Amino acid sequence: MKILMICTEKLPIPPVLGGAIQTYIAGILPHISKFHDITVLGISDSSLPEQETINGIHYVRVPGKIFEIYREGVVRYVESNQFDLIHIFNRPRLVMPIRNVAPKAKITLSMHNDMFNPEKIDPEEAKAVLGEVSNIVTVSNYVGNVIRDLYPEASPKIRTIYSGVDTERFLPGNHPKMQKIRNEIRRANGLENKTVILFAGRLSRNKGVDKLIRALPELSKKFKDLALVIVGSKWFSQEAVTDYIAYVRALAKKLPVPVVTTGFVSPDEIQNWFAAADLFVCTSQWQEPLARVHYETMAAGLPIVTTARGGNPEVILINENGLVVENPEDPSCFAEKISQILSDKSLMRRMGEKGRELAVSRYQWDRVASELLEVWEQSKAVEQEKTDEEHVVEAVTVESVTEEGTKEQVLDVSAEMASIRKQLEANFVQNVLVLQAKLEKAEEKEELAKHIAKEKLEKKMKKKLAKLEEKELEGKKKIAELEATLASGEIGQEEYEKEQAAIQTQLVEMRAKIVEEAHEQVDKASKEILEKVTPKRESEHKKQAVEQSNIVYEDNVEQSNVVYEDNEDANVRKKQRDKKKSGTRKQKKQKNANIWVISSKK
């Protein structure tokens, strides 16, 4: 296929200035370019030409940095060039403008963070985008689940493909290729005979390196040979000093252990600092999609301490390749996990070895490329099915159409129905998982389980699937009869192809409509379950707001404003009133047998 890969507007490709998405693209290109004609569209940079071809891969660059400017350049380029498939990286807002100028191209999307959140894309546009793309690839289950939570209907299109790393470039410090580099870096920076803790990432509050710095005084009391290396700057190659960076530097100056700050390190040299370290710490405070430094750390054979934020824990096998900090706002929690590893040199070594093993076996770029190729082939297959669905009976004769042909068609259609039913069941199950994640109370989950047992998917889908099966079989019979007519010479090839195309078009349109209706029923069933087992959250919040300012007295006649006082007597009186009020509500609810309430002990 002729494929266009569209990068983001922030950094150029190849990753001369770094960047997770740019590194991702560069990592898979050597593998996917063996199978398809690839063009990569990115932003212009003074160090790169506007167009070039390297190893058969075409690079085109347009002005960027600002999304609106980049979008104009992207649309102009797509409008004047044709592609079979367009793969967009992390910019769902590019989908609709591209669809307008490339109505026939298949569009797939890679999501590297939460760009579907309402503050980043209008919900109506998001729904339109989800309808246009054939597949959505995410870098972690976390990213996929965020999209599913917002738009459950997108679930069947979402697939997690974890990122990768160059295991020939990122090597353990004791590897023959890295021993000299490790020793030179440590010697040059006063790190000899030190246990080096490494942080690599942007210097921002979201990344949270200050929490690691504040954990070191406690650690230094127990471990006398510690040193800290901080690799990174404000934004990749930008070395500006922000208020946060100034704060980090001020904290570091007070530490009782040596601290090395490197500033921005070129992507082709960053592996050297991993080789020079002994332990890696990721201090992310935000819901990180899944920081790619985890893959690089594993390849370098270092133990990992990371945070329970976003997708970061998904690549951690607890006590095997690292540990997870559940409360990353607290520096002492980092001190605890780091101490656990540093106190056991055998554990430290095993974690490093396990990380390297995982990097080599699970997280190499050829695996990432292979999975992405599967997604593209799936998109191609879906498109082929819609545009040129071929269901002909080989060597068919007029005599065999009605009997043997019909048997094969029934089997074929039955297999297709089973496949569609499986997709619907998967959609239903995923919706249920999303609902379960929303529930806060154990009683609610129990009730949900009861209702799921009652909600038989077969009952919901029976009529739709029966109709679909009937129409599919009818269409296949028509095609078989048409094939027989062609074989007998009653019609010519041109007339055959025309009638066949008309039948297939009707089948595709009918199938799409019925399957869409079936998915809507699945989503409706899921929502009905949620309504049955959960109280109206919004109503509850409003009710609570009213109850905080109004206390219902006996017989619900007299109301008065409650003045909250910061003294013990007032608090006691309020608790008494709350208790009485709660009892009154319960008595009234019990009077109405038609009201079902899920209650929980407070």
Item checked: His112, His58, reordered so the largest accessible area comes first (probe 1.4 Å) -> His58, His112
Next item on the list: State in Å² the accessible area per residue of the range 2-160; use a 1.4 Å probe, count heavy atoms of protein chains only, and round to the nearest integer.
Entry: 40 Å²
Margin query: I need the calculated FRET efficiency for the pair Ser220 and Lys2, taking r as the beta carbon distance and R₀ as 41 Å, to the nearest 0.05.
Written below: 0.10
Item checked: Beta bridge orientation in the range 109-251: antiparallel %, DSSP, nearest 5 -> 10 percent
Checklist line | Per residue solvent-accessible surface (Å²) - the range 174-302, probe of 1.4 Å | finding: 44 Å²
Notebook entry, point to check: Which FRET efficiency, nearest 0.05, do Ile66 and Arg159 yield, Cβ-Cβ r, R0 30 Å?
Noted result: 0.45
Notebook entry, point to check: Computed FRET efficiency, Cβ-Cβ of Ser46 and Ala502, R0 60 Å: what is it to the nearest 0.05?
Noted result: 0.60
Next item on the list: Please express the Cα-Cα pair-distance distribution P(r) of the range 179-363 as a list of whole percents, one per 5 Å bin, running from 0 to the bin with the greatest distance.
Entry: 1, 8, 18, 22, 24, 17, 8, 2, 0
Margin query: Tell me the carbon and sulfur percent of the accessible area for the range 2-160, rounded to whole percent, probe radius 1.4 Å.
Written below: 50 percent
Notebook entry, point to check: Per-residue HN-Hα couplings for the range 16-21, Karplus 6.51 cos²θ - 1.76 cosθ + 1.60 at θ = phi - 60°, whole Hz, x for Gly and Pro?
Noted result: 5, 10, x, x, 5, 5
Next item on the list: Provide Rg over Rh for the range 115-236; use the alpha carbon set for both Rg and the Kirkwood Rh (inverse mean inverse pair distance).
Entry: 1.15
Item checked: Ordering of 297-310, 198-211 by packing [mean C-beta count within 10 Å, highest first] -> 297-310, 198-211
Check: Under a point spin-label approximation (7 Å from Cα along Cα-to-Cβ), what is the Glu168-Arg350 distance to one decimal in nm?
Finding: 3.3 nm
Next item on the list: Determine how large the accessible area of Glu336 is when every protein chain is in place; take a 1.4 Å probe and give Å² rounded to the nearest 10.
Entry: 110 Å²
Next item on the list: In nm, give the distance between the simple-model label positions of Ser488 and Glu314, each being 7 Å from the Cα along the Cα-to-Cβ direction.
Entry: 5.7 nm
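The values are calculated or read from the model by the stated rules, or taken from the named source; none is laboratory data. Computed from a predicted structure; not experimentally measured. Ideal geometry is used to build each Cβ from the backbone, glycine not excepted, and the neighbour counts take in all protein chains shown. Side chains included, ligands, DNA and RNA excluded: accessible areas come from the protein's heavy atoms. Shrake-Rupley method; radii C 1.70, N 1.55, O 1.52, S 1.80 Å.
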